[in-house]
Every structure is written in structure tokens, then in C-alpha cells.
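The values are calculated or read from the model by the stated rules, or taken from the named source; none is laboratory data. Keep in mind it's a predicted model, so treat the numbers as computed, not measured. Note that each Cβ is placed from the backbone with ideal geometry, even for glycine, and that neighbours are counted across all protein chains shown. Accessible surface areas use protein heavy atoms only, side chains included; no ligands, DNA or RNA. Shrake-Rupley method; radii C 1.70, N 1.55, O 1.52, S 1.80 Å.
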Amino acid sequence: MPANANSKHEQEKAKIEKKIKELKAKEALQINKLTKTQKNLEKTNHSIKECRNKLQQSQANLSKLESKISSLEYENAKLSQSINKRLRDIYKGERITILNVFFTSNNISRFFDNLYYQKLIIKKDQEAIRELQQKKYELAISKRSAAHEKRQISSNLAYMNRKKMDLNYSAQATANLIERLRTDRKTYEEAQKELERLSGDIEREIGRSLSGSAIMDSVFIRPIMGAITSPFGWRTHPVFGGRRFHSGVDIGGPNHGAIKASNSGKVLHAGWYGGYGKVVIINHGKAKDGQYKGQKVSTLYAHMSNIAVNKGDEVHKGQIVGYEGTTGYSTGPHLHFEVRIDGKPINPLTFIGN
Ligand SMILES: [Zn+2]
């Protein structure tokens with residue numbers, strides 16, 4: 001089935017593309033939400049400004065009313081004082097006059113005139129006081145309503161400030177989500193690029209140099225003893241996070257443990273290979289039989305601490321090609337092992353067994 005590996009690769013690419021598209025849509029939705037929140041925030045800020053102005057006006061109005069009331073109170077007190085004084089004077093005057101009325105008869109009419117006018121003044125003063133009290137009463141009502149208005153504006157302002165805080169929080173949360181979606185997308189795009197670049201490079205390199213000779217032995221061996229710590233296919237990347245395609249299996253063999261050629265072949269690459277670190281790629285020629293009969297088979301050994309072969313070397317199955325390490329994008333010593341058919345990665349376990 002020659003199309004199998006290729007179509008699988010295409011499927012993987014399509015999966016990543018779909019994921020990127022999904023993330024972009026989510027991002028657009030969140031950006032839209034953020035824009036709305038920011039507009040709302042702007043409106044709220046404007047309302048807060050208006051509210052603060054109103055509050056200032058209300059406070060000024062209240063202060064004016066308070067100063068009017070206190071000046072009325074002062075006037076009132078002054079008037080009361082003058083009335084009291086006049087009343088005392090009249091009383092005193094009346095007493096004196098009663099004693100003197102018979103002796104100073106020429107002064108009597110003047111006295112009564114004087115008394116009459118003084119009483120008239122008192123009457124007027126009392127009227128003025130009543131007026132003042134009425135005014136004071138009206139001002140007190142105005143003051144009460146102004147204070148009520150001020151309280152309402154204050155509570156409105158408090159509400160706006162709370163709303164602003166909520167909106168700010170929401171905007172921050174949305175921005176964080178957008179950032180996360182972007183990072184996720186970038187990881188996928190990176191994975192996509194890396195998958196395409198490295199796979200493509202390896203594919204081309206393998207395609208260019210593979211000889212047509214059939215492999216002598218169709219049985220592949222496990223290059224190092226140890227558990228499979230990460231399987232082939234989609235997984236959460238240990239270094240970048242996010243879902244990525246794993247083009248091989250990770251085998252947790254002993255650090256600096258010897259890595260053996262899985263089959264006989266010719267060394268296609270021996271050296272650093274991007275995120276793969278120190279890498280050996282062996283070309284095994286065309287498969288003699290089995291599922292991939294007639295297709296070119298190669299194996300790849302990554303993250304090595306040291307490489308024991310050179311490009312162009314003929315190696316035999318079981319020969320040491322390098323030592324386990326953690327070079328390149330790796331969280332710890334392990335062997336990243338790939339099997340490629342016509343340059344495209346397939347699950348190595350179909351070749352080396354579990
Ligand atoms: Zn790996």
C-alpha cells in the first residue's frame with residue numbers, strides 16, 4: 001500500500017491546519033468581545049466623568065444652601081437679640097415713666113410716642129423673624145432634597161466605578177485568553193512549520209541518496225533497551241506544550257547508553273539537525289517484503305550525546321551509531337527513534353515491535 005504513509009502524513013497536516021483555523025476563529029471571536037468590552041469601558045469612563053461633574057455641582061449647590069441657611073440663622077439671632085433688647089428697654093422705660101409721669105407731664109406725650117414707635121419696630125422685627133423662619137424652613141427643604149440628590153449621584157458613581165472595575169477585569173481576562181489562543185496557534189504553526197521543514201528536508205535528503213538495493217534483512221531491532229516513554233502520533237509536546245505531531249517514539253534508555261543501528265544500511269546523515277539535536281539517519285534501501293515492499297526505508301536516531309559514525313559509513317545491524325543524550329529540544333536523556341518510508345515517518349513500533 002504505497003499511498004498509506006503519504007495519506008497519513010496528509011491527514012496529519014490537515015489536522016494541524018484545521019486546529020489553526022479553529023484557533024483563529026476563536027481568537028477573532030475574543031477580539032470582537034474585547035473590542036465591545038473596551039467600547040463599554042470607554043462609555044463607562046465617560047459616564048463616570050459626567051457623574052463626577054454632577055456630584056461637584058451638587059456639592060456646590062449644597063454648600064451654597066448651607067451657607068444661606070447659616071447666614072439666615074445669624075440674621076435671625078441678631079434680630080431676636082435686638083427684639084429682646086428693645087423689649088427690655090421698653091419695660092425699663094415703662095417703669096421709669098410710671099414713677100415720673102406726674103412730675104414730668106410735658107414729657108408724657110413724647111414718651112408715649114416713643115413707646116408707640118418702639119412697639120411698631122418690634123412688630124416689624126417679629127414679622128421679619130417670621131419671614132426669616134419661613135425662608136429657613138424652605139431652605140431646609142431644599143437642603144434635604146439637595147443632600148438626597150448628592151447621595152443618589154454618589155451611589156450612581158460608586159455603581160459606575162464598580163462597573164468599570166468589572167469591565168477592566170473582563171477586558172484583562174479576554175486579553176489573557178487571546179494571548180493564550182495566540183500562543184496555542186503559534187505552537188501549532190511552529191509544529192506545522194517544523195513538521196514540514198524537517199520532514200521535508202529529511203524526505204528530500206533520503207529521497208536523493210537512497211540506493212535501490214534491497215535490504216538484506218527485514219527484521220529490525222530496537223536500538224536501545226528501555227520503555228517507550230512517548231508514543232508515535234499526536235501528543236502534548238513536553239517542551240512547547242500544546243498538541244504536536246510526534247514523528248517517532250521516545251525510548252527511555254540509560255543516559256549515554258549505546259544506540260545500535262536498527263538494521264544494516266548506509267549513514268545518510270551524522271550531525272546536528274535542528275530541534276532533533278545530534279542525529280544519525282541510516283538508509284536501509286528498499287523493503288524486500290511486507291507492508292512496505294519496494295519502498296525506501298530509513299531510520300533516525302535523535303538527541304544523542306555523541307555520534308559514533310560518519311556520513312557515508314556502511315553500518316551493520318546492531319552496530320553502535322551513537323550514545324543516548326538530551327541534545328536539541330529535549331526534556332531529559334532519551335532516544336527519539338523514527339522509521340521513515342520514502343522519507344515519511346510511520347509508527348516505528350510496526351517495525352521494532354512493542
Ligand atoms: Zn521524540
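Below, the figures for the structure above:
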item: Subset tally (residues that are within 19 Å of W234 (Cβ to Cβ), in a loop (DSSP other than H, G, I, E, B) and either away from the ligand (no atom under 11 Å from the Cβ) or outside the structural domain of V219 (by TED's automatic domain parsing) (or both)) for segment 318-353; result: 1
item: Among (1) at pLDDT below 85; (2) under 60 Å from the mean Cα position of the chain (by Cα), the one test that F112 misses; result: (2)
item: Residues located in segment 293-317, provided they are surrounded by 14 or more Cβ atoms within 10 Å (Cβ to Cβ), away from the ligand (no atom under 16 Å from the Cβ) and in contact (Cβ under 8 Å) with a residue 60 or more places away in the chain; result: Q295, K296, V297, S298, K317
item: Qualifying residue in segment 172-184 (condition: in a helix (DSSP H, G or I), open to solvent by less than 80 Å² (accessible area, probe 1.4 Å), closer than 17 Å to E42 by Cβ and in contact with a helix residue (DSSP H, G or I) (Cβ under 7 Å, 6 or more places away or on another chain)); result: yes
item: Checking I83 against (1) over 49 Å from the mean Cα position of the chain (by Cα); (2) without any contact (Cβ under 8 Å) to a residue 12 or more places away in the chain; (3) open to solvent by less than 70 Å² (accessible area, probe 1.4 Å), the condition it does not meet; result: (2)
item: Boolean, T37 is open to solvent by less than 50 Å² (accessible area, probe 1.4 Å), in the same structural domain as K136 (by TED's automatic domain parsing), touching a Ser or Thr at 6+ places or on another chain (Cβ under 6 Å) and assigned to a helix (DSSP H, G or I); result: yes
item: Segment 273-292, residues that are within 16 Å of the ligand (Cβ to nearest atom) and part of a loop (DSSP other than H, G, I, E, B); result: Y273, G277
item: I259 being open to solvent by less than 10 Å² (accessible area, probe 1.4 Å), touching a residue at least 12 places away in the same chain (Cβ under 8 Å), within 16 Å of the ligand (Cβ to nearest atom) and of a type outside the set (D, E, K, R); result: yes
item: Verdict on L335 being within 41 Å of the chain's Cα centre (by Cα) and either open to solvent by 30 Å² or more (accessible area, probe 1.4 Å) or at negative phi (or both); result: yes
item: Those residues of segment 222-254 which are of a type in the set (V, I, T), modelled with pLDDT of 85 or more and open to solvent by 40 Å² or more (accessible area, probe 1.4 Å), in sequence order; result: I228, T229
item: L167, sole failed condition from (1) open to solvent by 30 Å² or more (accessible area, probe 1.4 Å); (2) at pLDDT 85 or above; result: (1)
